[in-house]
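Note sheet for the following structure.
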Amino acid sequence: MTEEKKVGFVAMTSEKKAVENIPEIGIGMIGHSFMGKAHSNGWKQMPYIFWPPAAIPKLVKICGIPESEVAEAARRFGFQSYTTNWKEVIEDDRVSIVDSCTPNNMHAETSIAAAKAGKNIVCEKPLARNASEAKTMRDAVKKYNVKNICNYNYRMVPAIALAKNLITEGKLGRIFHFRARYLQEWIIDPAFPMIWRLKKEVCGSGALGDLGAHIIDLGRFLCGEFKTVSAVSQTFIKERYNPETKKNEKVDVDDAIAAAVEFENGAIGTIEASRFAAGRKNQNIIEINAEKGSIWWDLENLNNLNVFWREEKPIETQGFHCISVTESHHPYYSYWWPHGHIIGWENTFVHTALNMINAVMENKPLEPYVATFEDGYRNAVICDAIIKSAENGRKELCIFE
């Protein structure tokens, strides 16, 4: 196994560049709020952390509405210009990478237009509202041969990349179980207003696409492809007041889902996602039990990977080891801080920027360490199967095209 494959896609070139000859590459962003801030921070941090970079991101143009807010975002994040028309971002000749941070209902239109224009694309997760829509996006980036990332950013947490390496190298042996839960509490209040994340027409699904899709991706990344799902879902609060329309509106997406899954390799698992878990701010925990040991990880303590080895001696002191994944030999970490100096959630977006820049400039591979539109499509197939199973009460096959 080569060093690059061993440590994950850190993607730095082995040849030192002449610092004075580092090119710039234009970034156009569609969307300017929560994810726009996170992605902008990633593009700006990447070159001075992973120095010398293959190219320095140049924040060219950002799009959003209303104009007053996107103008302020452009100034705050450091974009050269702004617009309220997303097509102007794609049409700008200075833009080589389009970063789509929009609500889910705009992912397909913006990404397909960018692909047709020959622009490389980073799109926030979930890739689309359903598998059919995601397939059109997957097919477009293949047809126009552009680099593409569906930003399942937890793949790029160093501890998760290390877990992937342990599994790929056979250290855990045959996998038996994958269990995962992603829990938040932020809409539990009945007075919380209607927003786009509660409208199927805009988002496609609720806790499933918002949270469950993340742990589905980690299941695919670490354990293999899904085969079947058996699910239940619930919408606890059926109506929400919309301050814009000044009336109550129906909530037509799930507030919580739970699913039993089978993997193609024979492993089984469980997935739970809820935005009604009082006291849970952003708990994303995964555990894998295998032939030679187990691993577990928690997003709220993301620098630590907990590992248990069955054959460890002496048996009297056998137990889980908490590994601080902050050493220079760990994935991504040779360019960060001295060991023990942790990174945070926002730094996964630095890794997104790193991987896309190196894919575009040096043709570095994205898969399997970075999720592409193919991964986003397959995730959407699984989400659709979970929704269908919850509706009909039957086990559903995950069928990919």
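Return the only residue of LEU208, LEU198, LEU222 being touching a residue at least 24 places away in the same chain (Cβ under 8 Å) and closer than 23 Å to GLU367 by Cα.
LEU222
Could you please let me know if ILE323 is outside any loop (DSSP other than H, G, I, E, B), surrounded by 16 or more Cβ atoms within 10 Å (Cβ to Cβ), of a type in the set (A, V, I, L, M, F, W, C) and under 22 Å from the mean Cα position of the chain (by Cα)?
Details: outside any loop (DSSP other than H, G, I, E, B): yes; surrounded by 16 or more Cβ atoms within 10 Å (Cβ to Cβ): yes; of a type in the set (A, V, I, L, M, F, W, C): yes; under 22 Å from the mean Cα position of the chain (by Cα): no.
Considered against the rule, which asks whether it is outside any loop (DSSP other than H, G, I, E, B), surrounded by 16 or more Cβ atoms within 10 Å (Cβ to Cβ), of a type in the set (A, V, I, L, M, F, W, C) and under 22 Å from the mean Cα position of the chain (by Cα), ILE323 comes out as no.
Can you tell me how many residues in region 153-164 are farther than 18 Å from ASN358 by Cβ and either of a type in the set (Gly, Ala, Ser) or modelled with pLDDT under 95 (or both)?
Adding up the residues that qualify gives 2.
Would you pick out the residues in region 387-398 that are part of a helix (DSSP H, G or I) and not hydroxyl-bearing (Ser, Thr, Tyr)?
Step one: list which residues in region 387-398 are part of a helix (DSSP H, G or I), which gives 387-392.
Once the filter is applied, which keeps residues that are part of a helix (DSSP H, G or I) and not hydroxyl-bearing (Ser, Thr, Tyr), region 387-398 yields ILE387, LYS388, ALA390, GLU391, ASN392.
Could you pull out the residue among ASN284, ASN301 that is crowded, with 16+ Cβ neighbours inside 10 Å, among the polar types (S, T, N, Q), in the same structural domain as ALA213 (by TED's automatic domain parsing) and within 17 Å of VAL157 (Cα to Cα)?
That would be ASN284, the only listed residue that is crowded, with 16+ Cβ neighbours inside 10 Å, among the polar types (S, T, N, Q), in the same structural domain as ALA213 (by TED's automatic domain parsing) and within 17 Å of VAL157 (Cα to Cα).
Cβ-Cβ distance below 8 Å, separation of 6 or more or different chains: which pairs start in region 294-318 with a residue that is touching a residue at least 24 places away in the same chain (Cβ under 8 Å) and closer than 17 Å to ARG174 by Cα and end on one that is surrounded by 11 or more Cβ atoms within 10 Å (Cβ to Cβ) and of a type in the set (Gly, Ala, Ser)?
ILE295/ALA163; VAL307/GLY293; VAL307/SER294
State yes or no: is GLU291 among the charged types (D, E, K, R), surrounded by 14 or more Cβ atoms within 10 Å (Cβ to Cβ) and touching a residue at least 40 places away in the same chain (Cβ under 8 Å)?
Numbers: among the charged types (D, E, K, R): yes; surrounded by 14 or more Cβ atoms within 10 Å (Cβ to Cβ): no; touching a residue at least 40 places away in the same chain (Cβ under 8 Å): yes.
Here the answer is no, as GLU291 does not meet what is asked.
Taking region 154-210 as the search range and keeping residues that are basic (Lys, Arg) and closer than 25 Å to GLU346 by Cβ, which one is surrounded by the most Cβ atoms within 10 Å (Cβ to Cβ)?
Once the filter is applied, the top-ranked residue is ARG155.
Given the structure, is ASP384 in contact with a strand residue (DSSP E or B) (Cβ under 7 Å, 6 or more places away or on another chain) and part of a helix (DSSP H, G or I)?
no
Can you name the strands (runs of 3 or more DSSP E) wholly within region 198-292 that have at least 2 residues being of a type in the set (Gly, Ala, Ser) and within 19 Å of the chain's Cα centre (by Cα)? Talk me through it step by step, then tell me what you get.
On the way: elements: 226-234, 239-242, 247-250, 256-263, 268-274, 283-290.
Strands (runs of 3 or more DSSP E) meeting the threshold: 268-274.
Looking at GLU401, GLU367 in this structure, which one is acidic (Asp, Glu), free of Cβ contacts under 8 Å to residues at least 24 places away in the same chain and assigned to a loop (DSSP other than H, G, I, E, B)?
Only one candidate qualifies: GLU367.
The values are calculated or read from the model by the stated rules, or taken from the named source; none is laboratory data. Note that the structure is predicted; figures quoted are calculated from it, not measured. Because the Cβ atoms are built from the backbone with ideal geometry, glycine has one as well, and the counts that use them run over all protein chains shown.
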